[in-house]
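Here is the structure we will look at, set down as structure tokens.
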Amino acid sequence: MYRGGLDRFKKAQALEPFSVQQSGSGAKSVPAAVKVQPAPLVPPQSSHLGPSQSHHAQQSGGSSIAGQEAAGAPRPAGTQFGGGQSTWQPPDWAIEPRPGVYYLEVMKDGNAIDRINLDKKRHIFGRQVPACEIVLDHQSVSRQHAAVVPHKNGSIYVIDLGSVHGTFVANERLTKDNPVELEVGQSLRFAASTRAYVLRKNTAAFFPAQSLPSDQIRRAIEEKRLFW
């Protein structure tokens, strides 16, 4: 009996490695489970969808940016002044007018957006910044497009300087170097630009308020007291 018990003990020891191997085989199933864990690396699937999602995000982002730009679109820019270094000279009848009498009201879509005082002997309009007094930022406008010139008779004239797409006074196209009067209330346009420049006249500038000398004021007060 003792020997039989010893045999069973040895057999149990011999079987232990198999139980360890079985548990080891069970551990091999863990690597299988470990392989499943990278499955959360389902980035293959999400990464497969990523390009379309990112493309959609880019599109939606771009549209939102465009919407912001549209919502915050700036108002039309004001008048840009250039260097006025053109060698073009106005006719002999040109004069430097009284300041504040004539001005051009800049109109855009029916709204007044700016004002240009005509207080010089010439005002050249065009795209060439160094040469022109008034810079027109429109691709249809010539480099030195036209000139607005005050006449010694008190009128305002417009002279086309050989523009490609034309200068228009009251919707009539001018011929090169032929002065045409711009009357008060008439519009001036340059090429395909949608801005219109309407001539205005401030008659009050002809009669500036003059203060009476102090002695005249004193005499006027004393004369009034005679009738009190």
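When THR167, THR87, THR194 are arranged by Cβ crowding within 10 Å, least crowded first, meaning fewest neighbours, the order is THR87, THR194, THR167. Taking the fewest neighbouring Cβ atoms within 10 Å as the starting point, the ordered list for LYS121, LYS201 is LYS121, LYS201. In the distance distribution for segment 80-206, Cα-Cα pairs more than 24 Å apart total 18 percent. Taking other C-beta atoms within 10 angstrom as a stand-in for reagent exposure, ILE113, ILE159 fall in the order ILE113, ILE159, fewest first. With the Cα gyration tensor of segment 147-193 giving a ≥ b ≥ c as the square roots of its eigenvalues, does the rule (a/c under 1.5 for rounded; else a/b larger than b/c for prolate; else oblate) give rounded, prolate or oblate? Because a/c hits 1.5 or more and a/b fails to exceed b/c, segment 147-193 counts as oblate.
None of the figures in this text is laboratory data; all of them are computed from the coordinates on show. Model, not experiment: these values are computed from the prediction. So basically every Cβ, Gly included, is an ideal-geometry build from the backbone, and we count neighbours across all protein chains shown.
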